[in-house]
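Notes for the one structure printed next.
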């Protein structure tokens, strides 16, 4: 499977947010402002890449040989939660401003379905280590792309006269629907 | 202290996880292609939420704050895997329908959200009631969305064609964009209803 | 330091407890799940060949081919658990070919085709076009089996994959 | 047998991450005065900036470090600063002056005439870019709700007549709305419910105000002459009542032909 196809499919054709419905909670929550979206995107990319490598190694060298595949979910989520807590502690010391800007959304990365989703998809697609890393980073870039596009639109949405009932999450969901319609255009171009 | 009935009813109306707290969006959007899936997902979330709330509030004083999240998520993951095993052993067709979404119940923001926001601070009794209330609220909202998307998307309810042959099903509802737009409009509708009924 | 030890200890205990609980749960449910899977596939086989008695499995790559024998041991057909690449990703399907090479059955088990357009492959009017073809005839989109307009990627992908699978099954039939 | 394996694998992972996290907790420990956490919880956490510090956490750190006066959290008022004093062991110094926002304009949609119909972005600052706003009166409220958006306490809501309404319970007098209003229609005043007030911001001459709005102050000085306490002064054709001197006698209210002088206490919630 050539890597370019993986990158294209992960970012555009099968975008994790618009086509696979993963990571919607932080997507709706964080994409209010551009800076926090980028900060969250970078943090998710970092954690997703690290988590993908560690989960791939643990699955193929520990769980698979011992026939403990059913421990896959719990082992992965423990690794992800541990990594996020680690990133949180380190970030709090090294870069307090980004830490405060991300605020609640850093621990929320643990419950971010994309990271566990990607870890599981990597195993299901039987990627080797290079494909796993490339796929995870491209998915994270796709997630950040979706986040940044949404943040750009939402900042203008706040000034448009949206009816008071549709303000906030409702209008962002409808916008996400239209964006997802646009992203569907890519799906026919190339498949894995 | 809020009374027990309030604790239960708040999960369905005031703090409805889907329409008020806007949590647990990923499975809400993806599974509600059909009412049957939505119901199956709702019930498995209730079971997992109930067990996890009980255990989390049982160990709440033992777990040090720094490792709170990894510990709780491991408890939740255990229950989810058990539900996964039980479902694939005893209800295979529901298991096939729910596909990747059963493992994702682990990261369903609602369960960790309730563990973090509620079970960690309350007694086991209250946590049970909260779990039932929020779980029921979640299932009702999911089923409502499932019925709407299935009715207009494929012209049937629970699999039985209802809308007659002349009805041209709106395919978009069965696909990703439809889910986003339907839920967005439903959220708006509920905001209007809540405002009109004066529920803060 | 005390805080650190307590943290590690708690995670260790919870991890160990959860591991043990899951392992026992798995020991209980694993056989039942395996039995379910077995029964499910046997039912599918019987759907294609009612008088199947036992079968041999032969795996090629990710795909598996089951040669079915009736009670008196002669080969009645081969069922392939195979994949095609459609518009929305991989399509998993089973293809049943009887002893003299005619396609007897086609069952789509999992697909990501767009509902309402690509999922025509699960509908009879596509599947009937393929039933009855022999592995000797050239199965090409448009030549003898016209792909359904509007869903050319899905149906076309299926036809190409059926052609490939027929070649493999063809060789297997000749060997037996 | 595989129960033991599972036990070891998960236990091992738990041990690995437990150790890693506890090491990280030490290695990257941020020495934080836990009193900051306590004080931060007391604050309204609206990050309104009225105390002059960017956000409540920042203010909490400065207060605990002793660099910021305890009572500078205006929305919190006396209640919050007393509790902070208890936590930090200082004696309470806060004066009980509660501040509140007041809208100095009665120019509703029908009272104040429009120059042209504005269909741009629903934001007063944006509207000001088009010839200083679509209303004939260049000092009155545009009613596009920038103040409502910016209020961290949801104390402001837009009335049907196009003028913002202040909710006295929620408003902490932080002044964000006053800063946000491009025309200075909203000002922060003493919340004590006494005295009369001139609800207008227009410094146009009499004839210009009369054309622009039915309820604008034209600076005729009738109230100045009528007031026994000399509490009223007129500057740039706009009357101003000093509520500390005003004894609520109501002379100015009766004599004002433009009906622009109101009772302070009943005008907060109702307009």
(message) Modelling each spin label as a point 7 Å along the Cα-to-Cβ direction, I'd like the residue D:266/residue D:226 distance in nm, to one decimal.
(response) 1.6 nm
(request) For chain D, set up a Gaussian network in which alpha carbons nearer than 10 Å are linked by springs, and say which option among D:50, D:127, D:79 fluctuates the most. (result) D:79
(request) Compute the FRET efficiency between residue D:90 and residue B:96 as 1/(1 + (r/R0)^6), taking r as their Cβ-Cβ distance and R0 = 51 Å, and round to the nearest 0.05. (result) 0.15
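Using Cα-Cα distances under 8 Å and only pairs 6 or more residues apart, what relative contact order does chain A have, in percent? Please report the intermediate quantities before stating the final value.
On the way: 207 pairs, mean separation 90.7, N = 192.
Answer for chain A is 47 percent.
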(request) Sum -39500 (n - 2.57) across every DSSP H segment of at least 4 residues in the protein assembly as shown, then divide by the residue count to get the 222 nm mean residue ellipticity, nearest 500. (result) -16500 deg cm²/dmol
(message) Quick check: convex hull of the Cα atoms in chain B, volume per residue, rounded to a whole Å³?
(response) 129 Å³
(message) Once you place label points 7 Å from the Cα toward the Cβ at residue D:26 and residue D:259, how far apart are they in nm?
(response) 7.8 nm
(request) In a Gaussian network model over chain D where Cα atoms closer than 10 Å are linked, find which of D:26, D:119, D:229 has the largest mean-square fluctuation. (result) D:26
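Apply the Kirkwood formula to the stretch B:108-178: the hydrodynamic radius equals the inverse of the mean of 1/r over all pairs of different alpha-carbon atoms; give it in Å with one decimal.
Working: mean 1/r = 0.0691 Å⁻¹.
When all Cα pairs of the stretch B:108-178 are included, the Kirkwood radius is 14.5 Å.
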(request) Write down the Kirkwood hydrodynamic radius of the stretch D:50-130, to one decimal in angstroms, obtained as one divided by the mean of 1/r over all alpha carbon pairs. (result) 16.3 Å
(request) For the stretch B:151-200 and the stretch A:62-111, write down the distance between their C-alpha centroids in whole Å. (result) 36 Å
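May I ask you to work out the translational diffusion coefficient for the stretch A:111-192 at 25 °C, viscosity 0.890 mPa s, via Stokes-Einstein with Rh from the Kirkwood sum over Cα pairs, reported in whole µm²/s? List each step's numbers first, then the result.
On the way: Rh = 15.0 Å.
Taking Rh from Cα pairs, D becomes 164 µm²/s.
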(message) Suppose R0 equals 60 Å. What FRET efficiency, 1/(1 + (r/R0)^6) with r the Cβ-Cβ distance, do residue C:46 and residue B:117 give to the nearest 0.05?
(response) 0.70
(message) Whole angstrom only: what separates the Cα centroid of the stretch D:30-74 from the Cα centroid of the stretch A:140-168?
(response) 31 Å
(request) Springs between alpha-carbon atoms under 10 Å, Gaussian network over chain D: tell me which of D:100, D:121, D:218 tops the mean-square fluctuations. (result) D:121
(request) Over all alpha-carbon pairs of the protein assembly as shown, lay out the pair-distance distribution in 20 Å bins, whole %, shortest bin first. (result) 13, 38, 30, 14, 5, 1, 0
(message) Tell me the angle of helix D:2-27 to the major Cα principal axis of chain D, expressed in degrees between 0 and 90 and rounded to the nearest ten.
(response) 60 degrees
(request) For residue D:34 paired with residue A:90, estimate the spin-label separation in nm (one decimal), with each label point 7 Å from Cα along the Cα-to-Cβ line. (result) 2.7 nm
(request) Would you mind checking the tilt of helix B:176-197 against the longest principal axis of the Cα atoms of chain B, expressed as 0 to 90 degrees and rounded to 10? (result) 70 degrees
(request) Estimate the FRET efficiency between residue D:116 and residue C:85 by the formula 1/(1 + (r/R0)^6), using the beta-carbon distance for r and 35 Å for R0, to the nearest 0.05. (result) 0.05
(request) Any chance you could give the angle, 0 to 90 degrees and rounded to 10, that helix B:35-58 forms with the longest Cα principal axis of chain B? (result) 10 degrees
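No lab work stands behind these numbers, since they all come straight from the coordinates. Not measured: the values here are computed from a predicted model. When we count neighbours, we look across all protein chains shown, and the Cβ atoms used for this are built from the backbone with ideal geometry, even at glycine.
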